[in-house]
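*Asks:* There's a structure below that I have some questions on.
Nothing in this text is a laboratory measurement; each read-out follows from the coordinates by a stated rule. Keep in mind that what you see is a predicted model, and the values were worked out from it rather than measured. Every residue, glycine among them, receives a Cβ derived from its backbone with ideal geometry; neighbour counts consider all protein chains shown.
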Amino acid sequence: MRIRMDIEKMHFTGPIWRPPYEAGSVLLQATVGCTHHRCKFCSLYPGIEFRVSPMSEIVSDLEIIRHYQPRARRVFLTGANPFALSFDRLKELAMTVHDYLPRCRIGTFSRISDIKNKTVEQLKELRSYGFNGLSIGTETGDDMTLAEMNKGNTAQDTFEQCRKLEEAGIEYYIVYLTGLAGKGNGRRNALASAKLFSRLKPYIISVVSLTLFPGSELYGDVANGNYTVSPEHERLEELMTFIGNLENRTTLLADTVSNPVPINGFLPEDKNRILAELRKMRENIGEAELQTYRRNIRSL
């Protein structure tokens with residue numbers, strides 16, 4: 001009963017999201033909502049305005065975390081993109097975390113634009129304060145798709161900002177979103193994205209597949225006939241093209257609920273196995289069955 005009462009006192013607002021690979025991290029709300037909130041495919045933070053958590057709330061939550069997990073090794077900051085906070089604010093936040101959890105490293109979501117306003121020297125300093133492991137919603141390396149989806153950055157922006165993280169020694173994870181370019185455009189999207197991602201050194205490439213929910217602008221575009229969703233088999237072809245053209249040494253994870261069959265492995269060692277599994281899926285699972293699976297997804 002005491003645990004439940006304490007958890008209920010923690011300051012969480014709206015939907016709380018964290019990547020699957022942060023499952024073992026304690027969660028701490030640093031911001032609420034998204035600074036951008038204009039990506040056409042997103043419905044994660046409906047009606048929630050961006051705000052920064054007061055330090056008093058953060059301290060209160062850290063006191064509860066320290067009581068139950070005094071030896072916690074990793075904190076994941078919730079909110080769509082807490083790395084949007086200024087260098088000084090992030091430094092203060094890290095120092096406060098370490099007052100309560102001295103051994104903790106700190107992970108968080110980030111937009112490409114959040115990195116842009118920080119110098120390499122500032123990033124190095126944040127690394128020294130425990131920030132390591134930024135999950136970046138890159139989605140694609142195709143400039144046409146980035147513009148159409150209103151991501152707010154270009155492929156060159158992604159390249160430049162991720163290279164800054166590499167120079168600073170900050171581990172980062174990027175996302176590829178199959179189906180985002182729409183019907184008939186998967187190959188273009190895959191080739192452009194593989195070309196960009198292959199120039200970078202992400203620790204993880206996470207693959208998800210476009211799943212639309214009411215509330216997103218793109219959901220309305222589908223209803224109005226202004227956007228045609230990629231068929232499932234086309235998405236599998238897109239994914240095979242993407243993986244087949246990657247030249248990274250990295251971990252590939254395609255095991256969220258948006259992926260009909262979970263796929264993961266290390267590249268390049270497991271590339272042939274992964275491609276064989278995807279070909280088998282395409283040959284043995286019909287389009288209708290895959291579409292039914294997609295329609296039955298209730299949340300991500």
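*Asks:* Can you give the helix-only mean residue ellipticity at 222 nm for the chain, where every DSSP H stretch with n ≥ 4 adds -39500 (n - 2.57) and the sum goes over all residues, rounded to the nearest 500 deg cm²/dmol?
*Replies:* On the way: 12 runs with 126 residues, N = 300.
Rounded to the nearest 500, it is -12500 deg cm²/dmol.
*Asks:* Let me ask something additional. So what are the ³J(HN,Hα) numbers for the range 49-60, from phi and the Karplus equation (6.51, -1.76, 1.60; θ = phi - 60°), rounded to whole Hz, Gly and Pro as x?
*Replies:* Whole-Hz 3J(HN,Hα) from phi for the range 49-60: 7, 5, 8, 9, 5, x, 4, 5, 5, 4, 5, 4.
*Asks:* According to the Kirkwood expression over distinct Cα-Cα pairs, how big is the hydrodynamic radius of the chain, in Å? Walk me through the numbers on the way to the answer.
*Replies:* Details: mean 1/r = 0.0497 Å⁻¹.
Result for the chain stands at 20.1 Å.
*Asks:* By average Cβ neighbour count within 10 Å, what is the ranking of 71-79, 248-256 from highest down? The partial results should precede the final answer.
*Replies:* On the way: 71-79: 21.1, 248-256: 18.0.
Highest to lowest by the protection proxy: 71-79, 248-256.
*Asks:* What whole-number distance in Å separates the alpha-carbon centres of the range 105-168 and the range 231-292?
*Replies:* Cα centres, the range 105-168 to the range 231-292: 25 Å.
*Asks:* Treat every Asp and Glu Cβ in the range 2-295 as -1 and every Lys and Arg Cβ as +1, leave all other atoms uncharged, and give the resulting dipole magnitude about the Cα centre to the nearest 20 debye.
*Replies:* Rounded to the nearest 20 debye, it is 500 debye.
*Asks:* For Phe12 and Gln156 in the same chain, what is the full-extension length gain: residue separation times 0.36 nm, less their Cα-Cα distance, in nm? Show your work: numbers first, answer last.
*Replies:* On the way: separation 144, 0.36 × 144 = 51.84 nm, distance 3.47 nm.
Contour length minus Cα-Cα distance gives 48.4 nm.
*Asks:* So, with +1 on the Cβ of K and R and -1 on the Cβ of D and E, and no other charges, what is the size of the charge dipole of the range 244-298 about its Cα centre, to the nearest 20 debye?
*Replies:* Values: 9 positive and 8 negative charges, 30 e Å.
Using only the charged Cβ atoms, the result is roughly 140 debye.
*Asks:* Mind checking the angle between helix 271-284 and the chain's longest principal axis? C-alpha axes, 0 to 90 degrees, to the nearest 10.
*Replies:* Approximately 60 degrees, to the nearest 10.
*Asks:* Please work out how much length the chain gains when fully extended from Ser56 to Asn117, using 0.36 nm per residue of separation minus the C-alpha to C-alpha distance, in nm with one decimal.
*Replies:* On the way: separation 61, 0.36 × 61 = 21.96 nm, distance 2.59 nm.
Computed gain between Ser56 and Asn117 is 19.4 nm.
*Asks:* Have a look at Ile263, Thr211, Ala181 and report the one farthest towards the positive end of the charge dipole of the range 2-295, computed about the Cα centre with Cβ charges (Lys/Arg +1, Asp/Glu -1).
*Replies:* Looking along the dipole axis, the top candidate is Ile263.
*Asks:* Based on the alpha-carbon gyration tensor of the range 182-237 and its eigenvalue square roots a ≥ b ≥ c, which shape applies: rounded if a/c is under 1.5, prolate if not and a/b is larger than b/c, or oblate? Write out the running numbers ahead of the final one.
*Replies:* Working: a/c = 2.49, a/b = 1.83, b/c = 1.36.
Taking the square roots of the gyration eigenvalues as a ≥ b ≥ c, the range 182-237 is prolate.
*Asks:* Any lysines with Cα under 23 Å of the Lys280 Cα? List them, leaving off those in the same chain fewer than 8 positions away.
*Replies:* Hits, sequence-local ones excluded: Lys183, Lys271.
*Asks:* What is the angle, in °, between the Cα long axis of helix 87-100 and the longest principal axis of the Cα atoms in the chain? Nearest 10 is fine, range 0 to 90.
*Replies:* So the inclination is approximately 60 degrees.
*Asks:* Give me the number: length gained by fully extending Arg298 to His98, i.e. 0.36 nm times residue separation minus the C-alpha to C-alpha distance, one decimal in nm. Mind dumping the intermediate values first?
*Replies:* Values: separation 200, 0.36 × 200 = 72.00 nm, distance 3.74 nm.
That pair, Arg298 and His98, stretches by 68.3 nm at full extension.
*Asks:* Relative to the longest principal axis of the chain, what angle (0 to 90°, nearest 10) does the C-alpha long axis of helix 186-197 take?
*Replies:* 40 degrees
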